Amino acid sequence: MPIVQLAGILLFQNKSSKDKYFVNIIRTDRIRSFVLRAGRTTGGQQRAIDELGPQFLIPFQESVLDLQQVFSGSSHPKILEIGFGMGETTAKIAALRSDDDFLAIEVHPPGVGALLKLIGENHLTNLRLIRHDAVEVLEKMIAPNSLDGIHIYFADPWHKKRHHKRRLIQAEFIKLLVSRLKPGAYLHLATDWHNYAEQMLLVLNAESNLENTSTEKMSIETFSAADVASDLELAKESFKEFKPTLEQLDAKHPGYVERPAYRPTTKFENRGIKLGHGVWDLVYKKK
Ligand SMILES: C[S@@+](CC[C@H](N)C(=O)[O-])C[C@H]1O[C@@H](n2cnc3c(N)ncnc32)[C@H](O)[C@@H]1O
C-alpha cells in the first residue's frame, strides 16, 4: 500500500524493511502496465535484500547510469530484462551466459528478494537489479544506443479488452526500447497469450528500425474488423492503444521463431504446453 499519495505520485515503502532501496516513487499520471500486488516478502527474501541489496540492487535515479561502472568495470555486452517476476529464468540465463551482463527490472518486492536470493545461492556476478517501473528506468537511466539486447518474457497479457491499453507492448514504448538498443542489437519477447503475441507481431513489424528475424509468414487470427480503431478514437490526441488496421488483418506477416536455446522453459509454461497451449517467441534486430 502507498504510504503517501500526492498528485500523480505514489510513495511506497516495503513494510518489513526500512531499507532505503525499498522506498519507491511511482508516477500515476500515465497508464501503467502493472498493478502493485500486496505480497509478503519472506524471511529469506528479506535477508537477501539486506545482505545483497547494497551490492546488486541499483536505486532508481533521475540521471543516466554508467553501465560499465554498474558491472564493476566489465565491458561485456549489456542485456536488459523487463518484468523478471520471481527471477528463475533470469538467474538461469545469467548463469548460462556468463560473458554477458544482465540488468533486470521488476516492480514486485518479493520478486526482487527472490532473485537476490538466487544471485547469492548461485554466486552470480553478472546480474544487477532495479526495483522500479521499467518505462521510467528506460527514459531516465539508460543512455541511447547502449544496450546489446532486451528480454521481455511473459509480459502481463491483460486479457480483458478494456484492459488492453495497459499492455506494455505499444508503438510508443517500442520506440523508446529501440532508441536504447545499439544498431545490430536484439529484442526477444515471449508470450503464451495468442492475442498478445499477434499484437506484439503487428507493433514490432511496424517499427521501421526493427527487422523481424523470422522466416515464416503468418495471418492474424485473434483480431477482427471489430477491433479496428474508429475515426473518433484515432482523432483523440491521447489515443495510444494498439488497434490493428484492416490492411493488417488482410495481410501475411513475418512471424515467430523457435525458442532460442538460452531461454529455459518455466514450470508454468511446460504445464501449458502439455495442455496444448501455445508459446510464441519473437526476435528482432535493430537496423
Ligand atoms: C506475468 S509476469 C512474468 C514474469 C517473468 N518474466 C516470467 O516469465 O515468469 C510479468 C511481470 O512484469 C512485471 N512488470 C509489468 N510491468 C512492469 C514495468 N513497467 N516495470 C517493471 N516490471 C513490470 C510485473 O510486476 C510482473 O512480475
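Restricting region 175-195 to residues that are of a type in the set (Gly, Ala, Ser) and buried (at least 18 other Cβ atoms within 10 Å of the Cβ), which is nearest to residue 269 (Cα to Cα)? Here the answer is 190. Looking only at region 196-214, filter to residues that are surrounded by fewer than 18 Cβ atoms within 10 Å (Cβ to Cβ) and not hydroxyl-bearing (Ser, Thr, Tyr); which one of those is nearest to residue 181 (Cα to Cα)? Ranking the qualifying residues of region 196-214, first place goes to 209.
Would you check if there is a residue in region 221-242 being part of a strand (DSSP E or B), of a type in the set (D, E, K, R) and away from the ligand (no atom under 16 Å from the Cβ)? So far as region 221-242 goes, no, none of its residues is part of a strand (DSSP E or B), of a type in the set (D, E, K, R) and away from the ligand (no atom under 16 Å from the Cβ). Being within 12 Å of the ligand (Cβ to nearest atom), out of contact with any Pro (no Cβ under 9 Å at 6 or more places or on another chain) and modelled with pLDDT of 95 or more is a property that holds for residue 83. The lone criterion from (1) of a type in the set (D, E, K, R); (2) under 14 Å from the mean Cα position of the chain (by Cα); (3) away from the ligand (no atom under 13 Å from the Cβ) left unmet by residue 167 is number (3). Just so you know, in region 136-153 the residues that are among the hydrophobic types (A, V, I, L, M, F, W, C) and crowded, with 19+ Cβ neighbours inside 10 Å include one that is farthest from the ligand (Cβ to nearest atom), and it is 147. Filtering 132, 188, 151 for residues that are out of contact with any helix residue (DSSP H, G or I) (no Cβ under 9 Å at 6 or more places or on another chain) and not in a helix (DSSP H, G or I) leaves a single hit, 188.
The values are calculated or read from the model by the stated rules, or taken from the named source; none is laboratory data. No experiment lies behind these values; they were computed from the predicted model shown. Glycine also receives a Cβ, built like all others from the backbone with ideal geometry; neighbour counts cover every protein chain displayed.
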